[in-house]
1. Quick test for you: out of Gly407, Gly397, Gly421, Gly352, pick the one residue that is in contact (Cβ under 8 Å) with a residue 40 or more places away in the chain and not basic (Lys, Arg).
2. Among what's in segment 68-83 and is at pLDDT 95 or above and either open to solvent by less than 20 Å² (accessible area, probe 1.4 Å) or hydrophobic (A, V, I, L, M, F, W, C) (or both), pick the residue that is nearest to Gly166 (Cα to Cα).
3. Going by what's in this entry, would Lys65 be described as touching a residue at least 24 places away in the same chain (Cβ under 8 Å) and surrounded by fewer than 19 Cβ atoms within 10 Å (Cβ to Cβ)?
4. On the basis of being in contact with a Lys or Arg (Cβ under 6 Å, 6 or more places away or on another chain) and surrounded by 18 or more Cβ atoms within 10 Å (Cβ to Cβ), does Met88 make the cut?
5. Mind checking which residues of segment 380-403 are under 38 Å from the mean Cα position of the chain (by Cα) and open to solvent by 50 Å² or more (accessible area, probe 1.4 Å)?
6. Given (1) open to solvent by less than 60 Å² (accessible area, probe 1.4 Å); (2) closer than 30 Å to Ile280 by Cβ; (3) polar (S, T, N, Q), identify the lone condition not met by Asn373.
7. Considering only residues of segment 1-23 that are modelled with pLDDT under 95 and outside any loop (DSSP other than H, G, I, E, B), which is surrounded by the fewest Cβ atoms within 10 Å (Cβ to Cβ)?
8. Just to be sure before I move on: is Glu265 of a type in the set (Asp, Glu), at negative phi, modelled with pLDDT under 95 and touching a strand residue (DSSP E or B) at 6+ places or on another chain (Cβ under 9 Å) in the structure I sent?
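The values are calculated or read from the model by the stated rules, or taken from the named source; none is laboratory data. Quantities reported herein were computed from a predicted structural model and do not represent experimental measurements. All Cβ positions, even for glycine, are placed from backbone atoms using ideal geometry, and neighbour counts span all protein chains on display. These area figures cover heavy atoms from the full protein model, side chains too; ligands, DNA and RNA do not enter into them. Shrake-Rupley method; radii C 1.70, N 1.55, O 1.52, S 1.80 Å.
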Amino acid sequence: MNNKSIIILAAGAGTRMKSTTPKVLHKISGKAMLYYSIKEALKLSDDITVVLYHQASRVQEQMQKHFEGINYVIQDHENYPGTGGAVMGIKPKYEKVLVLNGDMPLIQAGELKKFDIEATIVMSVLELDSADGYGRVIIENGNVKKIVEQKDANEQELAVTIANAGIYQFETNFLLENLPKLSNDNAQKEYYITDLIEMAINEGKVLKPLTVNEENFKGVNSKVELADAEVIHQNRIKNEFLKEGVIMRLPDTIYIEEGVEIQGESILENGVSLLGNSKIINSHIKTNSVVEDSIIKDSDIGPMARVRPGSDLNKTHIGNFVETKKALLNGVKAGHLTYLGDCEIDEGTNIGCGTITCNYDGINKYKTIIGKNVFVGSDTQLIAPVTLEDNTMIGAGSTVTSDVKDGQLYTTRAKKRAVEGYFYKHFENKK
């Protein structure tokens, strides 16, 4: 751990997102934006404070599902609005404090380590072809001498292409001494953290610029920017798996969420979605299949299959339009058009087309247990709770309502009936 504290600003409503969801809870690759800021911060520090205001309890509740030991404070937005007001009242543990934004989901700890520079303030800057729309940073002899908003810049300052990237590291003593000096004497009547830059310059303090990667410091303020950031994040995820030996067909069509694990020489075909904390081990996931919060090992899935949460498939083949949910399948074949929910099925068993485990009676869920070497004929309904023991056979079209013992054939088909001339008697004269 570096000897610094970290404050993450996550108080804003994010009105440009045009959503009832707090901005920092909008998701990228399956996780809220704020999740990534906290995740990377934890690689650097054990003293992390998240500043909340808009829907604070909702944001805190979501983050506590993922992280422990994080400090949460509520900004006194009524009396001290703005970025400067957000950090007031916080007592950092260490001699330096890094201030991050909760709407920068592409930030990486490796970039943040570069702030380890001896200076009263280290200020992140972007070197752009055009800084239009950004506040300008004026640098002389390697030190920050001035920052100016675009609307306040003169012609010479507008020509500057170095822009403020919005992340700062302060010496803690300087921050605590000068926060009470901030004024809200401006058009927005807010307290700005950027005013501390001017204070430090006036006091003759050392202010160092740190040129950072624009992609990593990309802020998200709209649904358009959210989509752009997710494309970048998805490419990062997929590139790491490709480097580890995963085969992908048309990677741009594949979606993989944060938290997914892929091991061995697995194959992902086009249109695959891997969601939640799924784990894929030496398996082939075929076109347009979805796997969510499940384990797939030494198996092939799809095309167009859906593996829902809680499934664990080992040495198993499920084909097109097969759906599983809380299914433990070991050495099973289910070729197509089948629903297998709340069940355990053992090796050597074949599940015929159109089979359904009827696991829900409208109030409760029940389990289906199927043993080894069982043959289930097509269009079968298994009314749970029910057990099919080893070496049993279920005739096609059966509705199974009781346990089937080892070696038995079970069928509920009605006796054959063929009525001569039925069509001609009832239909021919009505055409």
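1. Working: Gly407 fails: in contact (Cβ under 8 Å) with a residue 40 or more places away in the chain; Gly397 fails: in contact (Cβ under 8 Å) with a residue 40 or more places away in the chain; Gly421 fails: in contact (Cβ under 8 Å) with a residue 40 or more places away in the chain.
Unique residue meeting the criteria: Gly352.
2. So the residue we want is Gln75.
3. Here the answer is no, as Lys65 does not meet what is asked.
4. Details: in contact with a Lys or Arg (Cβ under 6 Å, 6 or more places away or on another chain): no; surrounded by 18 or more Cβ atoms within 10 Å (Cβ to Cβ): yes.
Spelling it out, it is not the case that Met88 is in contact with a Lys or Arg (Cβ under 6 Å, 6 or more places away or on another chain) and surrounded by 18 or more Cβ atoms within 10 Å (Cβ to Cβ).
5. Hits for segment 380-403 are Ile383, Pro385.
6. Failing condition for Asn373: (1).
7. The residue in question is Thr15.
8. Here the answer is yes, as Glu265 does meet what is asked.
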